[in-house]
């Protein structure tokens, strides 16, 4: 079976439209980041979270008023599982106090409905700033490593265009997180450590897609004149299109499985990777290669890609 | 052709090795299943006794589950370096305290180096560190070096003491490590009583024996503080609760007893910390509250107040043995302590010189009891009473035996997962694994037919390798780790997709299946290498900079990517070689 055989889509010819779409997406995301900001989880802002599970369902409003009367400040939301609630409040080194406050109030106010504290997360402010900083370092180091590796394997212009594509993907997903953060009850899309892992996964995926296209360009470009470059780029992208789509589909499929089955702890991660793969597939064809082409066209010198002589 | 034979051997070898390293995991699982099948506790106990070695062995070599799947506590504790440095300073004054307090506030909000913050704060005030630390002739950088060493020592000592406490409490397979220069990371799988654990860990366990001030001093001091606090201050109205004086919250009985109602404990302890109150204390004195409330006749709970000397007569460093037991009446739990020879002779001298006076036994700033010295104690024994429960006495025994921490430690991060949520996570993780796997397998066969089948074989091997490496290297599988495996499955077929698409192209160009196969693999190789190396690099950076759950994800992603390089390039190729040599492949084999 084949879905895409012998396509001949003029990707480069439509690059202006693609640029417009990308800019629109990026701008929307950036505006939302500036206006709405991000919905930080406790990993990055510090705080305590307690997940409570009850034996029978409780209306969230009742729970809120019980907690308010007990003097527990903070918010209470339905958690992704049955009869479960997430209480988030300020950080206090002594979770024992918080626990006894909660238990005392619930045991006296909701007598017939036993509950269990199934999870406690508490992150102090110094740890939060620690985590933020290490997330930042990880992203920076990953981008630098990718730039160097692709620069060595191909050429700096290609590497730079690839990194621009990564930025494009990550920023769009980040914008999406800002735009949708806190909108859905089942999926608050908070920025936490797992989202950083998702962004690095997106970066890795995005550059993989890009490299596959580049690789085909390298194979086709040797001993050809600059005037033929546009055709070579288009042909290379068409030839790899089938692989790009198939791989995206299988990966999307598995991420979808994670989104559905792996529970609330992984949901935001799965959502980020899902969106990232969609954008990353698009960007490898419509952002990375066109930008590299644009740059090469302007510099007017024939490209010398490493490894193209023996390939 | 010889080379090819090696490939086959390699594949068989890797597969067997992977299966072999998963045998204990399988055993653990099946033993667990057998154990579940017993209906009576006696049968299961017998089974455990008969198979003890087997179970132990399987548990040790089997695949470990992370804290999130098994349930347990992950704690990050921070040594209070500010407190440590304040202990080291030799002529503290108000200015010093003010600077250190400011640094403390800064340090709580960032992860900046405390010594740098301290130096910067003193430099800003134009004060040399040597004015307060070590020798006056030391330069700032020398002092910084000394403080740094002090901090490093304190961290190591704190880790050892915490390890001691945990070992004595009895937790299976705890992990205690240090991170940076002031953090201790503690992983405790399967804890049943977290509250008790937290209490056990966070106390400094600083034990002191302090003399109470002479008769009448308590009342005089409280009178003075009361007057000082009720005097109309410049701020606030006189109706303000805090300005009503101390006696609205403190009851005085006779000449030497004073107490605070339980509900006012915090308030009073804050009031006593105010500068107006502190200035009224007699020299070398301190007001301390009792550790435990006594029940009054009217049913209210009262905390006693004690006026004690600031300089302890003796500290907990001399304690060699501690034992929780019940007191002479058999109802009150208490802790018996014995001292080393130095402590014994000091204790004899102190008790001998203070017969008829009261000595307070103070642990972490709270008074447990203040008995009257009846006679000289020559054998170095002492006892802590005023303890709520035997459990608390046992915990005191543990912390006293382990010794005092060099500086207070605080819990700065905690992640606790209850066992029932862990079971949920396991179910969710398994479901995602199964569904993700089925989805990919079916898709590949549907799209690439025979080729897809080979890719699926490679995928099975891939997952096997990831699990076996985790089991073999004693790494643990967490929920993010499972997510990593599922994601790797999606990406692992990428290498095969690249190759197969290439083979299809070559076939379409009219090549024979044999030459299309070898061209396809050769030409796709550089793409596969590049994409795998970049993914590996990203995963490696995640592993380096991420912590806890993120590392679990990164590890499975790394192993999975490396395994996928092997399965895609070596395994599937070998399968096709075999199939071609048996004439089982045609140009239609790739769909």
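The values are calculated or read from the model by the stated rules, or taken from the named source; none is laboratory data. Computed from a predicted structure; not experimentally measured. Ideal geometry is used to build each Cβ from the backbone, glycine not excepted, and the neighbour counts take in all protein chains shown.
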Q. Here is a list of conditions, (1) in a helix (DSSP H, G or I); (2) touching a helix residue (DSSP H, G or I) at 6+ places or on another chain (Cβ under 9 Å); (3) surrounded by fewer than 24 Cβ atoms within 10 Å (Cβ to Cβ), and residue A:224 meets all of them except one; can you say which number that is?
A. (1)
Q. What is the one condition in (1) in contact with a helix residue (DSSP H, G or I) (Cβ under 6 Å, 6 or more places away or on another chain); (2) within 14 Å of another protein chain (Cβ to nearest Cβ); (3) outside any helix (DSSP H, G or I) that residue B:588 does not satisfy?
A. (1)
Q.
Can you list residue pairs whose Cβ atoms sit under 7 Å apart, with the first residue in the range B:33-46 being in the same structural domain as residue B:58 (by TED's automatic domain parsing) and the second being not in a helix (DSSP H, G or I)? Count only pairs 6 or more apart in sequence or on different chains.
A. B:44/B:38
Q. Listed residues B:502, B:573; which is surrounded by fewer than 24 Cβ atoms within 10 Å (Cβ to Cβ), within 18 Å of residue B:448 (Cβ to Cβ) and either within 12 Å of chain A (Cβ to nearest Cβ) or out of contact with any strand residue (DSSP E or B) (no Cβ under 7 Å at 6 or more places or on another chain) (or both)?
A. B:573
Q. Has the range B:82-89 got at least one residue that is farther than 30 Å from residue B:174 by Cα and either outside any helix (DSSP H, G or I) or not assigned by TED's automatic domain parsing to the domain that holds residue B:123 (or both)?
A. yes
**Q.** Residues being more than 11 Å from chain A (Cβ to nearest Cβ) and either without any contact (Cβ under 8 Å) to a residue 24 or more places away in the chain or not in a helix (DSSP H, G or I) (or both) - total across the range B:528-557
**A.** 0
(Q) If I filter the range B:102-110 for residues that are more than 12 Å from every other protein chain (Cβ to nearest Cβ), under 30 Å from residue B:551 (Cα atoms) and surrounded by 14 or more Cβ atoms within 10 Å (Cβ to Cβ), do I get at least one hit? (A) no
(Q) Given the criterion over 24 Å from residue B:107 (Cβ atoms), modelled with pLDDT of 85 or more and touching a helix residue (DSSP H, G or I) at 6+ places or on another chain (Cβ under 6 Å), identify the matching residue among B:188, B:200. (A) B:200
Q) Going by the conditions given, is residue A:300 surrounded by fewer than 24 Cβ atoms within 10 Å (Cβ to Cβ), touching a residue at least 24 places away in the same chain (Cβ under 8 Å), more than 8 Å from chain B (Cβ to nearest Cβ) and at positive phi? A) yes
Q.
Looking at A:100, A:88, A:108, A:134 in this structure, which one is within 30 Å of residue A:171 (Cβ to Cβ) and either over 25 Å from the mean Cα position of the chain (by Cα) or not assigned by TED's automatic domain parsing to the domain that holds residue A:187 (or both)?
A. A:88
Q: Would you confirm whether any residue within the range A:180-201 is at pLDDT 85 or above, assigned by TED's automatic domain parsing to the domain that holds residue A:291 and touching a strand residue (DSSP E or B) at 6+ places or on another chain (Cβ under 6 Å)?
A: yes
**Q.** Matching residues in the range B:201-234 - criterion: being more than 27 Å from residue B:344 (Cα to Cα) and within 14 Å of another protein chain (Cβ to nearest Cβ)
**A.** B:201, B:202
Q) Counting only residues that are more than 10 Å from residue B:486 (Cβ to Cβ) and within 7 Å of another protein chain (Cβ to nearest Cβ), which one in the range A:254-272 is surrounded by the fewest Cβ atoms within 10 Å (Cβ to Cβ)? A) A:263
Q) Which ones in the range B:407-440 are farther than 30 Å from residue B:151 by Cα, surrounded by 18 or more Cβ atoms within 10 Å (Cβ to Cβ) and touching a residue at least 60 places away in the same chain (Cβ under 8 Å)? A) B:417, B:418, B:421, B:422, B:425, B:429
Q | Elements of type strands (runs of 3 or more DSSP E) in the range A:1-112, at least 2 residues being within 14 Å of another protein chain (Cβ to nearest Cβ) and buried (at least 18 other Cβ atoms within 10 Å of the Cβ) | A | A:47-54, A:84-89
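Residues are listed down the side, and each one gets a yes or a no for (1) surrounded by fewer than 20 Cβ atoms within 10 Å (Cβ to Cβ); (2) at the interface with chain B (Cβ under 7 Å from one of its Cβ atoms); (3) at pLDDT below 85; (4) farther than 26 Å from residue A:77 by Cα:
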site: A:134; (1), (2), (3), (4): yes, yes, yes, yes
site: A:144; (1), (2), (3), (4): yes, no, no, yes
site: A:162; (1), (2), (3), (4): no, no, no, yes
site: A:208; (1), (2), (3), (4): no, yes, no, yes
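Rundown of residues vs (1) in a loop (DSSP other than H, G, I, E, B); (2) within 30 Å of residue B:153 (Cβ to Cβ), yes/no style:
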| site | (1), (2) |
| --- | --- |
| B:322 | no, yes |
| B:343 | no, yes |
| B:350 | no, yes |
| B:375 | yes, no |
| B:396 | no, yes |
| B:410 | no, yes |
| B:426 | no, no |
**Q.** Residue that is modelled with the lowest pLDDT [pool: residues in the range B:441-453 that are more than 11 Å from chain A (Cβ to nearest Cβ) and surrounded by fewer than 24 Cβ atoms within 10 Å (Cβ to Cβ)]
**A.** B:450
(Q) Being under 30 Å from residue B:89 (Cβ atoms) and in contact (Cβ under 8 Å) with a residue 24 or more places away in the chain: is that true of residue B:363 here? (A) yes
Q.
Exactly one condition in (1) in contact with a helix residue (DSSP H, G or I) (Cβ under 6 Å, 6 or more places away or on another chain); (2) more than 23 Å from residue A:197 (Cα to Cα); (3) in contact (Cβ under 8 Å) with a residue 40 or more places away in the chain is false for residue B:447; which is it?
A. (1)
Q: Being more than 8 Å from every other protein chain (Cβ to nearest Cβ) and surrounded by 17 or more Cβ atoms within 10 Å (Cβ to Cβ) is the filter; apply it to the range B:505-517 and report the residue that is farthest from residue A:218 (Cα to Cα).
A: B:513
(Q) When you scan the range B:9-20, do you find a residue that is at pLDDT below 85, out of contact with any strand residue (DSSP E or B) (no Cβ under 6 Å at 6 or more places or on another chain), within 26 Å of residue B:549 (Cα to Cα) and not in a strand (DSSP E or B), even just one? (A) no
